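For reference, the structure is listed below as structure tokens.
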Amino acid sequence: MTRSTPQTDHASNMVIYIALAGNILVAISKFVAAAITGSSAMLSEGVHSVVDCTNEILLLYGVHRSRNRPDKDHPIGYGREVYFWSFVVGLLILTFGAGVSVYEGIVHIREPHPIESPHVTYIVLALAFLFEGFSWVFTVRKFRGNRPYSELFRMIVHSKDPPTFIVLLEDSAAMLGLLIAFAASTCPWRWTIRHSMARRRY
């Protein structure tokens, strides 16, 4: 199997390292906020960010394994390792990551609570948007190169660099989630829904 070039490996590693650093900073900000407010929801969000860090570590491991030279057991090399570990990360994102998010959503819908220390929530959202946004912009620039944005989807479909486009899609989903979280936390009707649900319980 054709081995990736050093330039491609370096670009993939840089994208993953930036994403990993961003997720670590997001996790730290959530854990600090959880320590300040005592919020269990913020604590669970911090754990969620730690899982995101694990995804980047697995991608780095896959890139590292793919660089091994051919041997007796693998005469065509280890190039497929990067695809395997990218597949594992994809499964983790779709199962564990999405599963935890759905579970948290159901729990908070069934047991609604008013937002405590909203300023801390907004600070965490702003920091997460800053860290994730930097990673997203860096990844888009590395992945797109000099090509127009209109070709971005086609490039993802035909890409031979799964770690980079996985990070791109993960960061894109994170940015979308942050926007939804910010919009939901600022909508005036959220209190009406929560109070009406609380009244129905009693």
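The values are calculated or read from the model by the stated rules, or taken from the named source; none is laboratory data. The structure presented is a predicted model; accordingly, all values stated were derived computationally and were not measured. Quick reminder, even Gly has a Cβ in these numbers, built from the backbone with ideal geometry, and neighbours come from all protein chains shown. To get the accessible areas, we keep the full protein, side chains included, count just its heavy atoms, and leave off ligands, DNA and RNA. Shrake-Rupley method; radii C 1.70, N 1.55, O 1.52, S 1.80 Å.
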Next on the checklist: With the crude spin-label approximation of a point 7 Å out along Cα→Cβ, what separation in nm comes out for V47 versus Y149?
Outcome noted: 3.8
Checklist outcome for this item: Going residue by residue through region 26-31, the Karplus relation 6.51 cos²θ - 1.76 cosθ + 1.60 with θ = phi - 60° gives ³J(HN,Hα) values, rounded to whole Hz and with x marking Gly or Pro, of 5, 4, 4, 4, 5, 5
Next on the checklist: Can you tally the net charge around V47? Count Lys and Arg as +1, Asp and Glu as -1, for every other residue whose Cβ sits under 15 Å from the Cβ of V47.
Outcome noted: -2
Checklist entry - What list of ³J(HN,Hα) couplings, whole Hz, do you get for region 118-132 from phi and the Karplus terms 6.51, -1.76, 1.60, once you set θ to phi - 60° and write x for glycine and proline? => result x, 5, 5, 4, 5, 5, 4, 4, 5, 5, 4, 5, 5, 5, 5
Checklist outcome for this item: Sorted list, accessible surface of protein heavy atoms, 1.4 Å probe, largest first, for L179, L60, L25 is L179, L25, L60
Checklist outcome for this item: Scalar couplings 3J(HN,Hα) for region 142-151 by Karplus 6.51 cos²θ - 1.76 cosθ + 1.60 (θ = phi - 60°), nearest whole Hz, x for Gly and Pro, are 5, 6, 6, x, 9, 7, x, 5, 5, 9
